[in-house]
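Comments concern the structure below.
The values are calculated or read from the model by the stated rules, or taken from the named source; none is laboratory data. Just so it is clear, the model here is predicted, and its values are computed rather than measured. Cβ coordinates were reconstructed from backbone atoms using ideal geometry, including for glycine residues, and neighbour counts include every protein chain displayed. For accessibility, only protein heavy atoms count, side chains too; no ligands or nucleic acids. Shrake-Rupley method; radii C 1.70, N 1.55, O 1.52, S 1.80 Å.
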Amino acid sequence: MRVLRILAFPISLIYAVVVYVRNFLFDIDFFKSKKYKTPTICVGNLSVGGTGKTPMIEFLLSTLKTEHKVAVLSRGYGRKSKGYQVSTEMATVEILGDEPYQIAQKFPEVPVVVDADRQHGIVELERSIAPDVILLDDAFQHRKVTPSFSMLLTAYDNRYQKDWYLPTGSLRDSKKEAKRANLIVVTKCPKDLSKATQENIVAEIGPETGQKVFFSFLHYKNELKGGSENIVVTDLIDKKVTLVTGIANPQPLLSFLESKGIVVEHLNFRDHHFFSESEIENFNSKEFILTTEKDYVRLKGKVSNLHYIGIEHQFLNDGALRIKETISALLN
């Protein structure tokens, strides 16, 4: 893979030029971007997956839904439907896509909409639902909409400053576009990340005036979900566990399980993978299947003895409180 990435370097240079030109044309208003009367909060990144956007959307929903009428708008990457789709009791993972469906299942009171045309999606949301605020999932690089507020996520072990453009690296947008974010969250940090290291990372990022930088880590829930029996993580030590993942970066989960002394057979698939009948048949031959919440919504009802481990963002220092205060000030 490393050799292939090196060989692809000329292609990455072409990609970088295309990205630069596109952003330049938006900057000079040759390409038009629209702002809407409904406050919009964008959660996104500069790279391809693996920064924890869905748990961040869930954090914002937990923060906002008690005092505001919130809606979520996503592209619905990997779904098998077309056009504008709204979460209903009849909606499926094939209609919404795995991540929007996961959000809709966890927050059934929140309208979750998917539309590749985000301008059209916002207009329809304003017309039919009239939310107080719209969360734009994975929309940082979609510049046809000018959000009211932008959160840029970057993973601790693959920060955008040290990355390069696709296909040699994982950047899908220019590092310089980070200046458009109102705040930057360095996700998937070690829980014990020192103040000195935090300060070094902030210096590396070089935030704009008024741009805030926060640090978060992934907290894995102790109780497993999905099965009829009550199982906690440490119960897996004596079990023959098969871990099934179809996410961008399963390494943090693997490291967590290893830290608990849990040995797994890891079946790794590409992000947003829809599992075939033969793959599901193989899973059903296993003694105990552990998966992520995103993969669970694609496997539920098809695989026996299926469990998932939930995650959430937790923040270092007083990051959660400061983000909540910042968002509240935007909406009040």
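Below is a table of values for the structure above.
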read-out	value
Failed criterion for LYS69 (all others in (1) open to solvent by less than 50 Å² (accessible area, probe 1.4 Å); (2) within 26 Å of PRO100 (Cβ to Cβ) hold)	(1)
Subset of region 225-252 that is open to solvent by less than 20 Å² (accessible area, probe 1.4 Å) and more than 22 Å from ASN282 (Cα to Cα) - its residue that is modelled with the highest pLDDT	VAL233
Subset tally (residues that are of a type in the set (Ser, Thr, Tyr) and open to solvent by 80 Å² or more (accessible area, probe 1.4 Å)) for region 193-224	1
GLY44 being under 30 Å from LEU321 (Cα atoms) and open to solvent by 10 Å² or more (accessible area, probe 1.4 Å)	no
Meets criteria (farther than 19 Å from LYS300 by Cβ, of a type in the set (Asp, Glu), open to solvent by 20 Å² or more (accessible area, probe 1.4 Å) and part of a loop (DSSP other than H, G, I, E, B)) for GLU89	no
Top-ranked residue in region 92-141 [being assigned to a loop (DSSP other than H, G, I, E, B) and among the acidic types (Asp, Glu); ranked as surrounded by the fewest Cβ atoms within 10 Å (Cβ to Cβ)]	GLU109
Whichever residue in region 160-175 is surrounded by 20 or more Cβ atoms within 10 Å (Cβ to Cβ) and more than 19 Å from the chain's Cα centre (by Cα) and, among such residues, is farthest from THR187 (Cα to Cα)	THR168
Some residue of region 272-290 being within 20 Å of ILE311 (Cβ to Cβ), assigned to a loop (DSSP other than H, G, I, E, B) and either among the aromatic types (Phe, Trp, Tyr) or open to solvent by less than 70 Å² (accessible area, probe 1.4 Å) (or both)	yes
Residue match in region 64-77 (condition: free of Cβ contacts under 8 Å to residues at least 60 places away in the same chain, in contact with a strand residue (DSSP E or B) (Cβ under 8 Å, 6 or more places away or on another chain) and more than 14 Å from ILE134 (Cα to Cα))	yes
Residues satisfying the stated conditions in region 224-250, i.e. outside any loop (DSSP other than H, G, I, E, B), in contact (Cβ under 8 Å) with a residue 40 or more places away in the chain and under 30 Å from ASP318 (Cβ atoms)	LYS225, VAL233
Hits in region 291-318 (condition: open to solvent by less than 20 Å² (accessible area, probe 1.4 Å), of a type in the set (D, E, K, R) and part of a strand (DSSP E or B))	none
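Here is a yes/no grid of residues against (1) at pLDDT 95 or above; (2) on the phi < 0 side of the Ramachandran plot; (3) surrounded by 11 or more Cβ atoms within 10 Å (Cβ to Cβ); (4) assigned to a helix (DSSP H, G or I):
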residue: ILE6; (1), (2), (3), (4): no, yes, no, yes
residue: VAL19; (1), (2), (3), (4): yes, yes, yes, yes
residue: PHE24; (1), (2), (3), (4): yes, yes, yes, yes
residue: PHE31; (1), (2), (3), (4): yes, yes, yes, no
